[in-house]
Amino acid sequence: GLSACLFDLDGVIVDTAKYHFIAWRQIARELGFEFTEKDNERLKGVSRTRSLEILLEVGGLGLDTATKVALAEKKNAVYLSYVMKMTPAEILPGAERFLTECRSAGYKTALATASRNAAVIVELLKIASLFDVVVDGNRVTHTKPDPEVFLTCASELGIPPASCAVFEDAEAGIEAAHAGCMLAIGIGDPAVLKKADLVVPGLGELSLEELRAVWAE
Ligand code: B16
Ligand code: MG
C-alpha cells in the first residue's frame, strides 16, 4: 500500500519558477535574444546546467565551458536575490495542510528537488519539520527524468519505491516518478502533464481520499 509521499519543491510547495524565469530571461537578454514563458516550461525540474544548455539552444548559441560556468553563476546570483526575500507567505495554498494530513495519516514525507538552493528555501519558508528526509540537487548525479532523486528518498525512508507517490509540476518529474515505479500526481496543467496518473491545479485541490482512490485504481 501507499507508505510515502515525495514532494517536488519548485511548482509544488512554492512558485520559484517565476524567479528562475526572470533570472534566465535576464541572461538571454544580455546574450541578445528573447526567452519566453513557454520556453521556460522546458526548464522545469531540470538542473541548472541542463537549463543553460536548453536556453542556449533556444538562442541558437554555442559557448565555451568557462563562459557557460560564468553564466550559470550569474543566473544563480540573480535568482538568489529574489529567493532571499521569500517568506512563509509564499508557500503555495494548501501545501502545508496536505503535508500535515499525510503525516497525520502515518505516511512518510520527503522533499525531492533538483535545486541546489533547496536548503535556504526550506529555511526561509520554515518547512523543515514537514519532511522526514530532504534530497536535493547537491546529492544526486542524474537529474529528472532519471528517477535517482526519488529512489534516494525511498531508500532513505526505508520504503519500497512501489509504495511511494510523487507530487510533481514538471513533465520530467512525472517521467522520473514512473521510471522509479512510483505513482505520479501532476500539479498544474493536464495538457502539459499528460502522463500523470492524476492532475490537480494545486495541493490545495487534493484530498487524501482522492489520493487513496487513485492509488487503488
Ligand atoms: P537550482 P524542482 C528545479 O526545482 C526547478 O524546477 C528547475 O527549474 C531548476 O533549474 C532546478 O530546480 C535547479 O535549481 O538552480 O536552484 O539548483 O522543481 O526540482 O524542485
Ligand atoms: Mg518542480
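Candidates are the residues of the range 159-176 that are under 16 Å from I13 (Cβ atoms) and within 16 Å of ligand 1 (Cβ to nearest atom); the one that is modelled with the lowest pLDDT is A170. When E156, E210 are screened for being modelled with pLDDT of 95 or more, in contact with a strand residue (DSSP E or B) (Cβ under 9 Å, 6 or more places away or on another chain), within 18 Å of A105 (Cα to Cα) and outside any strand (DSSP E or B), only E210 passes. When A118 is tested against (1) closer than 13 Å to D8 by Cα; (2) of a type in the set (A, V, I, L, M); (3) more than 16 Å from ligand 2 (Cβ to nearest atom), only condition (3) is not met.
For the range 43-63, the count of residues that are of a type in the set (K, R) and buried (at least 20 other Cβ atoms within 10 Å of the Cβ) is at least one.
When restricted to residues that are near ligand 1 (Cβ under 9 Å from one of its atoms), in contact with a helix residue (DSSP H, G or I) (Cβ under 6 Å, 6 or more places away or on another chain) and in a helix (DSSP H, G or I), the range 26-51 contains 2. Among the conditions (1) of a type in the set (G, A, S); (2) more than 10 Å from ligand 1 (Cβ to nearest atom); (3) part of a loop (DSSP other than H, G, I, E, B), A119 misses just one, which is (3). Selection over the range 6-25 of residues that are more than 7 Å from ligand 2 (Cβ to nearest atom) and either buried (at least 23 other Cβ atoms within 10 Å of the Cβ) or in a loop (DSSP other than H, G, I, E, B) (or both) gives a count of 7. Inside the range 2-40, residues that are without any contact (Cβ under 8 Å) to a residue 24 or more places away in the chain and among the acidic types (D, E) make up a count of 4. Out of all the residues in the range 122-146, which are surrounded by 16 or more Cβ atoms within 10 Å (Cβ to Cβ) and not in a loop (DSSP other than H, G, I, E, B)? Matches in the range 122-146: V122, L124, L125, L130, V133, V134, V135.
Inspection of the range 93-108 identifies no residue that is within 22 Å of L43 (Cα to Cα) and either free of Cβ contacts under 8 Å to residues at least 24 places away in the same chain or within 13 Å of ligand 1 (Cβ to nearest atom) (or both).
Just so you know, in the range 6-51 the residues that are of a type in the set (G, A, S) and farther than 25 Å from N138 by Cβ include one that is nearest to the chain's Cα centre (by Cα), and it is A28. Residue-level check: of (1) over 29 Å from T49 (Cβ atoms); (2) modelled with pLDDT of 95 or more; (3) out of contact with any Ser or Thr (no Cβ under 9 Å at 6 or more places or on another chain), E217 misses just (2).
Residues in the range 110-138 that are out of contact with any Asp or Glu (no Cβ under 9 Å at 6 or more places or on another chain) and basic (K, R): K126 alone. Only a single criterion out of (1) closer than 24 Å to A17 by Cα; (2) more than 15 Å from ligand 2 (Cβ to nearest atom); (3) out of contact with any strand residue (DSSP E or B) (no Cβ under 7 Å at 6 or more places or on another chain); (4) in a loop (DSSP other than H, G, I, E, B) is not satisfied by V192, namely (2).
The values are calculated or read from the model by the stated rules, or taken from the named source; none is laboratory data. For clarity, every value in this text was computed on a predicted model and none was experimentally measured. Glycine also receives a Cβ, built like all others from the backbone with ideal geometry; neighbour counts cover every protein chain displayed.
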